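The values are calculated or read from the model by the stated rules, or taken from the named source; none is laboratory data. Bear in mind that the values here come from a model prediction, so they are computed numbers and not experimental data. Cβ atoms come from the backbone with ideal geometry, glycine included; neighbour counts cover every protein chain shown. Side chains included, ligands, DNA and RNA excluded: accessible areas come from the protein's heavy atoms. Shrake-Rupley method; radii C 1.70, N 1.55, O 1.52, S 1.80 Å.
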Amino acid sequence: MNDRQISLKVAKDVFLIKIIWTLAFLGIVLIVNIAKVGYAYFQGNETEGFFNTSFVASNFFMFIIGLLAIEFLPYFVGIGVTRKDYFIGTSIQTFGLALGIAIITSFIFLVEKFILKLIDLPYKTQNINELDLDGNILGDTIQMIILSPYVDPHENLMLATFILFTNVLILYVLGWMISSAFYRHGTVYGLVSVLIAIIIKMLKDNLLRVALDLPTIGWLKDIPDMPAPVAFILIYVIIILIFYAIRLNTKRVTVKL
Amino acid sequence: MNIKAEHLTLTFGNTYALRDVNFELSGNKIFGLLGRNGAGKTSLLSIIASYREPTIGKIIINGEEPFENAKIMRQVAFLYDQEYENESENIIELLQGIQPYRPNFSMEYAEYLIDLFKLDRKKAIKKFSKGMKSAVNVIIGLASRTPITLLDEVYLGMDAHFREIFYKELLEEQARHPRMFILSTHLVSEMDYLFDEVIILDRGSVMVHEDFDSFISKGATITGDGETVDQFVKNKKQINVQQLGNTKAVMIYGELTAEEEAEAIRLGLEISPASLHDLFVHLTKEDQ
């Protein structure tokens, strides 16, 4: 294998492991959602729907498996793969995984929508974008970390899928960035990277809010107004910068025995 | 294959793990890397395997620095005492994952080794005993058939029976597919016959790097009457002294000339060869 083939092989190997985790995770989310639909149907209530449940849960999931991404480094260096090929391969599979989650979620949403229409069960009106910030720093921060700007898939499925993709992508790379900082620099810099990750998440959310024409909130609410494409480009510039930080953390890192 | 260390130094804060290490290893030989705990064996091997960079100096493999060098890294396998605590794959799945990355990997040979070490093909590796996990490391090291194979005390978890099987297999494999092995070990006495060359690290520095036979020939124990022995060895490097009554045994390091050997016989002294274990233990004593 030449260098390019090695990084693609790394991408494929990591992707195949993580897509199994992802399918298991989405399977659990689906089972929970089916139970919620069944409950709502028999109670005569509205249901939240799979897309919403996955939208919130996938962020957590991708962040956690992003944290685990550094665990693959010792394995790959141990079988003769360079840190560069590990980085390129893992980066490629990150996009694949985020795309996989977004597409699978949207596909299940379409099937669910068809079924709910058949059984005449209405969707609940979503208010994820309306955060209840009351000045309590801890509570406000947690809300801003957990919830990301949301697009209703009933209104614009393409955009909703793209926003989901962007959200899970950035959560994964933030997790990877934090674990690589702990691995490379130890606890103090690791904790600093957690703070940086929280700030990046809030900045990304407010840029999305600008792009989606929603009011900005929290610590970074004073960002200037800008056209939606510019906001999206800025979000992807931030993602590239996170990748760059991960590369710096892993480029010459000592592999621990 | 050729490995050259040039002024290799590794520090952790103010502590030296390796201090100005220089050597050159060439050929498809089995090198014994010996040293006490903390002598720097694992640090040296991890630099050769590109697990870390040195603080000062460099390692050159076949004329190139190995760190982040894909061409070199895929030719070097480094196996150490891995715990496999989270390894839920079985041995076959693990080896199938490694195979594409190692150009010379032989699954057929790996299967033979799995049978030799009586490993359960279906059991998750994390459920293996310590000895079985050691066998997994040995299998990866041998079946990868990398031109440079570094085994860092991976055999310590095996019982004596499996260690014997491993030693025999190592020699047979070296005859079939000659390559450079570097074996670090504490088990000097039972492994000495495997080594073509010996490197002894002491407190981060190379104390000895020699062909096995010539190194062994430098050690001898002179036994006889205490005063006669003292007179005979007074100009020699003495690395161990034992006395029982008037009989004294002194281990010396440094070759004896034919005249000296004849003189010892004339004086009624007995000359016995020193083992690698004896030389290693006494040369690396704290007070040496």
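Values computed for the structure shown
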{"quantity": "Elements of type helices (runs of 4 or more DSSP H) in the range B:188-250, at least 2 residues being touching a residue at least 60 places away in the same chain (Cβ under 8 Å)", "calculated": "B:188-191, B:212-216"}
{"quantity": "Per-region count, the range A:47-84, residues assigned to a loop (DSSP other than H, G, I, E, B), within 14 Å of chain B (Cβ to nearest Cβ) and touching an Asp or Glu at 6+ places or on another chain (Cβ under 7 Å)", "calculated": "1"}
{"quantity": "Yes/no for A:T125 being surrounded by fewer than 17 Cβ atoms within 10 Å (Cβ to Cβ), assigned to a helix (DSSP H, G or I) and either at pLDDT below 95 or out of contact with any Leu (no Cβ under 6 Å at 6 or more places or on another chain) (or both)", "calculated": "no"}
{"quantity": "B:V21 being open to solvent by less than 50 Å² (accessible area, probe 1.4 Å), in contact (Cβ under 8 Å) with a residue 60 or more places away in the chain and within 11 Å of chain A (Cβ to nearest Cβ)", "calculated": "no"}
{"quantity": "Extreme residue, farthest from B:A143 (Cα to Cα), among residues of the range B:90-117 that are open to solvent by 40 Å² or more (accessible area, probe 1.4 Å) and of a type in the set (S, T, N, Q)", "calculated": "B:Q96"}
{"quantity": "Some residue of the range B:127-135 being within 17 Å of A:F76 (Cα to Cα) and among the small types (G, A, S)", "calculated": "no"}
{"quantity": "Selection within the range A:199-226 - surrounded by 15 or more Cβ atoms within 10 Å (Cβ to Cβ) and under 16 Å from the mean Cα position of the chain (by Cα)", "calculated": "A:I200, A:K201, A:M202, A:L203, A:K204, A:D205, A:N206, A:L207, A:L208"}
{"quantity": "Test result for B:K285, under 30 Å from B:I3 (Cα atoms) and either of a type outside the set (S, T, N, Q) or outside any helix (DSSP H, G or I) (or both)", "calculated": "yes"}
{"quantity": "B:L276 in contact with a Phe, Trp or Tyr (Cβ under 8 Å, 6 or more places away or on another chain), more than 20 Å from B:V208 (Cβ to Cβ) and touching a residue at least 24 places away in the same chain (Cβ under 8 Å)", "calculated": "no"}
{"quantity": "Among residues of the range A:36-84, those that are among the hydrophobic types (A, V, I, L, M, F, W, C) and over 24 Å from the mean Cα position of the chain (by Cα), counted", "calculated": "7"}
{"quantity": "Out of B:V136, B:V154, B:V198, sole residue that is more than 28 Å from B:A249 (Cβ to Cβ), out of contact with any Leu (no Cβ under 6 Å at 6 or more places or on another chain) and buried (at least 18 other Cβ atoms within 10 Å of the Cβ)", "calculated": "B:V136"}
{"quantity": "Scope the range B:181-214; condition within 12 Å of the chain's Cα centre (by Cα) and among the polar types (S, T, N, Q); matching residues", "calculated": "B:S184, B:T185, B:S189"}
{"quantity": "Residue match in the range B:170-178 (condition: under 16 Å from B:I140 (Cβ atoms) and open to solvent by less than 20 Å² (accessible area, probe 1.4 Å))", "calculated": "yes"}
{"quantity": "Residue in the range A:30-45 that is within 14 Å of chain B (Cβ to nearest Cβ), in contact (Cβ under 8 Å) with a residue 12 or more places away in the chain, surrounded by 20 or more Cβ atoms within 10 Å (Cβ to Cβ) and more than 19 Å from A:V173 (Cβ to Cβ) present", "calculated": "no"}
{"quantity": "Failed criterion for B:N246 (all others in (1) open to solvent by less than 60 Å² (accessible area, probe 1.4 Å); (2) out of contact with any Lys or Arg (no Cβ under 7 Å at 6 or more places or on another chain) hold)", "calculated": "(1)"}
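Yes/no matrix, rows are residues, columns are (1) in a loop (DSSP other than H, G, I, E, B); (2) open to solvent by 20 Å² or more (accessible area, probe 1.4 Å); (3) away from chain A (no Cβ under 14 Å); (4) without any contact (Cβ under 8 Å) to a residue 60 or more places away in the chain:
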| residue | (1), (2), (3), (4) |
| --- | --- |
| B:K4 | no, yes, yes, yes |
| B:N28 | yes, yes, yes, no |
| B:F31 | no, no, yes, no |
| B:T42 | no, yes, no, no |
| B:I59 | no, no, yes, yes |
| B:F67 | yes, yes, no, yes |
| B:K71 | no, yes, no, yes |
| B:A77 | no, no, no, no |
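Let's see how each residue does on (1) modelled with pLDDT of 90 or more; (2) of a type in the set (D, E, K, R); (3) under 30 Å from B:L95 (Cβ atoms):
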{"position": "A:S7", "(1), (2), (3)": "yes, no, yes"}
{"position": "A:T22", "(1), (2), (3)": "yes, no, yes"}
{"position": "A:A35", "(1), (2), (3)": "yes, no, no"}
{"position": "A:F50", "(1), (2), (3)": "yes, no, no"}
{"position": "A:G78", "(1), (2), (3)": "yes, no, yes"}
{"position": "A:D85", "(1), (2), (3)": "yes, yes, yes"}
{"position": "A:Q93", "(1), (2), (3)": "yes, no, yes"}
{"position": "A:I103", "(1), (2), (3)": "yes, no, no"}
{"position": "A:S106", "(1), (2), (3)": "yes, no, no"}
